[in-house]
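*Asks:* My questions will all concern the structure given below.
The values are calculated or read from the model by the stated rules, or taken from the named source; none is laboratory data. Note that this is a predicted model, so its numbers are computed, not measured. Positions of Cβ are generated from backbone atoms using ideal geometry, with glycine treated the same way; all protein chains shown enter the neighbour counts.
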Amino acid sequence: MTKKNTFAIFIALLSLGLLVFLARNHFLTKRSSTTLNLALDNTFDSLDPAKAYSDDSLVVSAQVLEPLYQYHYLKRPYEIQPLLAEDLPRYSDQGRTLTIKLKNNILYHPHPSFKGRQRNLKADDFVIQIKRLALDNLKSPGKSLFSGLIKGFDSFSSAINNDWKKIPNIEMEGVRALDSSTLQLSLTRPEPNIIYYLALNFIVPIPWEIVEFEKNNLDKILIGTGPYIVKSFRENYFELTKFHDYRKDYYPSSGDRYANMENLLESSKERIPFVDRVLFHVTAQESDRWNLFLDKKIDLITVPKTFIPRLYNSQGQLSDEFKNKDINLRHFPILANRWLAFNMRHPLVGNNLELRQAIAHAINYSEYIELLSQNTNLRANSILVPGISGYLPTKEFRYNYDPQLAKEYLKKAGFKTLEDIPTLTYSTRGNQAIHLKEAEFIKKELEAIGLKVNIQVLNFTDFIQKGRAGELMFFTDNWLFDYPDGENIIQLLVSKNFPGINKSGYSNKKVDLLYDQLKATTNLDRKFKLYQEIEDQVWSDLCWIPLMYESSFVLQYPEIKNFRKSSIIRNYVKYLKIEE
């Protein structure tokens, strides 16, 4: 071989090696630098899984914390599957005892309380958290789910005198760790929805070491077993990074018709999570969120209601603004209801049914839905929503827009002259543009029949705090279902949940009794009948005026793959992929 040929071969091999090196490093750089940017609407006070209950706090938590069970990402109707549990519960004692085996070798994220050692999941970590839920002074919204259900739950707080330090020393009869990988729950009665409760953020494992180290203040602490670790968080963003010791888990290999039609199964059996870094940007102002998306600083966005008109032109076609951009628009139904609510313990609105009836007939529901959703939402005819067992699509609207009838009810309410007319205080559910628009619309409608309305503008955090304390008079509320059963929204009308999630302060002994019966029955026909009885009573008492069923428009850039919107599946980030 000549020197010339040898030199040529050397140059060729060197070039090939350089190309392989560059390609490999390009691939690795692309993989290692994948960052997903998402938006949150509101700040929140706590990340403690016993207390966090706003949608934004739960979305962040769901990427870090894991309960025993989760919902199948690609199947509707919703299907429960194991997450930290090895399998579905084994029932005994006629459904009153649940024995749950945990998966092996599940690691927690690092925390100083572990003193540099890796900490494995143990069944006792669930025992600790369930005991925390029972504490009166923690005021957990999840407490009502297990009150009267888990043996010894209601008496636990007084048994330890609300002293968190005594949590590991005093037993709760209904929750035990049989060994390090076996959890057992003993119930006072069979509970058909218990499997849904065990998929909620309330029931995530919390090691005692963390509780002790943090002195039971977990408001700013988020340590779990999930695919992402909290790297940092500030007032305006949360940064999560991939947990490299996360167990082997894989993208679903099956789905429903929608999943197949939308090519959501292309990542089947690939290891998750895909994205290395997640930034949640907290943007309270809708215009800021919108501009961040258009500037490609956010990868996907639920379209704020005030921007829905920009999606379509007058012919109902996609507007030129988006038709000419490389952006995907998708529309998703969600399990969400919206209603007007009265504080039934307020002397003005709570003690005057005719006043509430006047308000119910004063609202032009068609204009309201057009204003808030551009007619993409449906008017609500029930406190239940489509897709929930017990929802009756043929149920008639109890209250229709009728200003003249509204004025007659106002006279029956005792307000016959201008001097008699009371002033209502309507509180907004947030301070974004859509909340102010909504408030002005309601004010206009009520003043048209002679009422006076003051608008109290609250941010979302203040709204939640004042609402749960019973300090609001009249307001709009909504509910994203935590699990696909009507019981989930009816709990907002139960007496024992005030103060708390029963922001209306509604109290009716018949409804309380029917709710207890609803929780106890597994008979579907019986449940359907109970739903109708509860709803008939609530309609008659008129603590709520149903407005509309919500849906979501989502804009996303095409490189974001595998996204499917759901109001109850919040741990979706691990399924998302970025492909340039």
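*Asks:* Please enumerate the residues belonging to segment 323-335 that are under 17 Å from Gln374 (Cα atoms) and touching a Leu at 6+ places or on another chain (Cβ under 9 Å). Outline the logic, then answer.
*Replies:* Filtering segment 323-335 for residues under 17 Å from Gln374 (Cα atoms) gives 329-334.
Answer for segment 323-335, where residues must be under 17 Å from Gln374 (Cα atoms) and touching a Leu at 6+ places or on another chain (Cβ under 9 Å): Leu329, Arg330, Ile334.
Conditions tested, residue by residue: (1) farther than 21 Å from Pro558 by Cβ; (2) not hydroxyl-bearing (Ser, Thr, Tyr).
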position: Thr241; (1), (2): yes, no
position: His244; (1), (2): yes, yes
position: Lys248; (1), (2): yes, yes
position: Tyr251; (1), (2): no, no
position: Arg257; (1), (2): yes, yes
position: Leu264; (1), (2): no, yes
position: Ser267; (1), (2): no, no
position: Glu270; (1), (2): no, yes
position: Arg277; (1), (2): no, yes
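*Asks:* Looking only at segment 134-166, which residues are among the hydrophobic types (A, V, I, L, M, F, W, C) and either touching a Leu at 6+ places or on another chain (Cβ under 9 Å) or within 24 Å of Thr97 (Cβ to Cβ) (or both)? Explain how you work it out, then say what you get.
*Replies:* The initial filter retains those residues of segment 134-166 that are among the hydrophobic types (A, V, I, L, M, F, W, C), namely 134-135, 138, 145-146, 149-150, 153, 156, 159-160, 164.
Result: Ala134, Leu145, Phe146, Leu149, Ile150, Phe153, Phe156, Ala159, Ile160, Trp164.
*Asks:* Next question. Taking the options Lys143, Lys122, name whichever one is within 28 Å of the chain's Cα centre (by Cα), under 19 Å from Asn193 (Cβ atoms), surrounded by 17 or more Cβ atoms within 10 Å (Cβ to Cβ) and not assigned by TED's automatic domain parsing to the domain that holds Ile501.
*Replies:* Details: Lys122 fails: under 19 Å from Asn193 (Cβ atoms).
Just a single option satisfies the conditions, and that option is Lys143.
*Asks:* Among the residues of segment 361-373, what is the count of those that are out of contact with any Lys or Arg (no Cβ under 8 Å at 6 or more places or on another chain) and either surrounded by fewer than 15 Cβ atoms within 10 Å (Cβ to Cβ) or within 15 Å of Arg338 (Cβ to Cβ) (or both)? Steps first, answer last, please.
*Replies:* Initial filter on segment 361-373 (out of contact with any Lys or Arg (no Cβ under 8 Å at 6 or more places or on another chain)): 361-364, 367-368, 370.
Retained after the next criterion (residues that are either surrounded by fewer than 15 Cβ atoms within 10 Å (Cβ to Cβ) or within 15 Å of Arg338 (Cβ to Cβ) (or both)): 363, 367-368, 370.
Of the residues in that region, 4 qualify.
*Asks:* Of all residues in segment 398-427 being at pLDDT below 90 and not in a helix (DSSP H, G or I), which is nearest to Gln456 (Cα to Cα)?
*Replies:* Going through segment 398-427, the residues at pLDDT below 90 turn out to be 398, 415-422.
Those still in the list that are not in a helix (DSSP H, G or I) too: 398, 415-417, 421-422.
Details: Arg398: 28, Phe415: 23, Lys416: 26, Thr417: 26, Ile421: 19, Pro422: 16 Å.
Filtering first and then ranking leaves Pro422.
*Asks:* Moving to a separate point now. Determine if segment 335-350 includes at least one residue that is over 20 Å from Leu492 (Cβ atoms), in contact with a helix residue (DSSP H, G or I) (Cβ under 7 Å, 6 or more places away or on another chain) and surrounded by 15 or more Cβ atoms within 10 Å (Cβ to Cβ).
*Replies:* Narrowing segment 335-350 to residues over 20 Å from Leu492 (Cβ atoms): 347-348.
Retained after the next criterion (residues that are in contact with a helix residue (DSSP H, G or I) (Cβ under 7 Å, 6 or more places away or on another chain)): none.
There is no residue in segment 335-350 that is over 20 Å from Leu492 (Cβ atoms), in contact with a helix residue (DSSP H, G or I) (Cβ under 7 Å, 6 or more places away or on another chain) and surrounded by 15 or more Cβ atoms within 10 Å (Cβ to Cβ).
*Asks:* What is the one condition in (1) within 19 Å of the chain's Cα centre (by Cα); (2) modelled with pLDDT under 95; (3) within 21 Å of Phe202 (Cα to Cα) that Pro499 does not satisfy?
*Replies:* Answer for Pro499: the failing condition is (1).
*Asks:* Sticking with this structure for a sec: Looking at this structure, is Arg338 over 22 Å from Ile568 (Cα atoms), touching a Leu at 6+ places or on another chain (Cβ under 7 Å) and charged (D, E, K, R)? Spell out how you get there, then give the answer.
*Replies:* Numbers: over 22 Å from Ile568 (Cα atoms): no; touching a Leu at 6+ places or on another chain (Cβ under 7 Å): yes; charged (D, E, K, R): yes.
For Arg338, the condition - over 22 Å from Ile568 (Cα atoms), touching a Leu at 6+ places or on another chain (Cβ under 7 Å) and charged (D, E, K, R) - is not met.
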